[in-house]
Amino acid sequence: MNEYIPVLIFDWIDDGHEVRWAHDAAELPAGDMCFFLSYEKIVDKNRLMQHRNNLVVHASDLPKGRGWSPLTWQILEGKDKIPVTIFEAGESVDSGPIYEKAFVSFSGNELIEELRCGLANEIVDLCRDFVSGYPDSAKLGLKQEGEPSFYPHRGPEDSKIDVQKSLLSQFHLLRTVDNNKYPAWFEYKGRKFFLKITAKSNLDNAKE
């Protein structure tokens, strides 16, 4: 989200808000609202009490899909319409009252950077809406209803390609790998090989 957060910061400053940006919750000053965006650490209760509202945005239909990498897991499930939920941070992971849900739709051929971009833009919109409607927006929280489900951590093993299967059958996996951080890979005759996936832009296709 670091690429997109400055857009929010400048918009809020232009609207007359005082904004601070930190990469560690220990550095946070007290304030009215705090947005924890792609922050992967658990924040303790004392730190949360510094703010009237502590907001998290999660790419799942909470309480379903709590946990890690919800966008990736749903793309792997073959979903193209991804729910995005803004909610109040609670003492347990992804459990607080829900303020608003939206959806981001994909065509089914986007790679990881395009998926991240689409999600980030929706996150920015939800954060903007919450602040523009504040304090009334903070009164709209609804308790999560239903049985929760959880997505686990993803690791290098989750980017492994099965050489016995077709690339088409594993295309959703290829869409979600990061060529630099966690590339697709396979083993053959005792060696480990890496695959990198890129796509021609729509602009390139239009020129042909």
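Only the coordinates and a few stated rules stand behind these numbers; no lab work does. Keep in mind that this is a model prediction, so the values were computed, not measured. Backbone-built Cβ (ideal geometry, glycine too); neighbour counts: all protein chains shown.
One table, with the values for the structure above:
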| quantity | calculated |
| --- | --- |
| D_trans [Stokes-Einstein, Kirkwood Rh over alpha-carbon pairs] for region 67-188, 25 °C, 0.890 mPa s, µm² s⁻¹ | 150 µm²/s |
| V19 paired with N2, simple spin-label distance in nm, labels 7 Å along Cα-to-beta-carbon | 1.7 nm |
| Between helix 112-132 and the chain: long-axis angle, C-alpha atoms, 0 to 90°, nearest 10 | 10 degrees |
| Förster radius 25 Å - calculated FRET efficiency between W68 and K189, Cβ distance, rounded to 0.05 | 0.15 |
| Cβ-based charge dipole, the chain, positive-most Cα from W21, I9, Y151 | Y151 |
| Sequence-distant residues sharing a close amide H with W68 (under 5 Å, placed H) | Y151 |
| Magnitude of the charge dipole, the chain, Cβ model with Lys/Arg +1 and Asp/Glu -1, debye to 20 | 900 debye |
| In Hz, Karplus ³J(HN,Hα) per residue of region 10-23 (6.51, -1.76, 1.60; θ = phi - 60°; x = Gly, Pro) | 5, 4, 5, 5, 4, 7, x, 8, 8, 10, 10, 10, 10, 9 |
| K200-N179 FRET efficiency (beta carbon distance; Förster radius 22 Å; 0.05 resolution) | 0.90 |
| Ranked D44, D178, D24, D61, criterion: other C-beta atoms within 10 Å, fewest first | D24, D44, D178, D61 |
| Backbone HN-Hα couplings from phi across region 68-81 [Karplus 6.51/-1.76/1.60, Hz, Gly and Pro as x] | 10, 6, x, 4, 4, 4, 6, 5, 5, 7, x, 7, 10, 10 |
| Evaluated at q = 0.19, 0.21, 0.25 Å⁻¹: base-10 log I(q)/I(0), Debye formula over Cα of region 53-107 | -0.60, -0.71, -0.95 |
| Filtered GluC sites (Glu not before Pro), region 1-105: DSSP coil and at most 12 other beta carbons within 10 Å | E3, E18, E40, E77, E91 |
| Separation of alpha-carbon centers, region 71-112 and region 1-70, rounded to whole Å | 16 Å |
| Estimated FRET transfer efficiency when R0 is 30 angstrom, pair A26-R154 (beta carbons, to 0.05) | 0.70 |
| Lysines with Cα under 29 Å of K143, excluding same-chain neighbours fewer than 8 positions away | K41, K45, K64, K79, K81, K101 |
| Region 156-207: Lys pairs at Cα distance under 23 angstrom, eight or more positions apart or on different chains | 10 |
| Binned Cα-Cα distance frequencies in region 156-207 - 5 Å width, integer % | 4, 18, 26, 21, 13, 8, 5, 2, 1 |
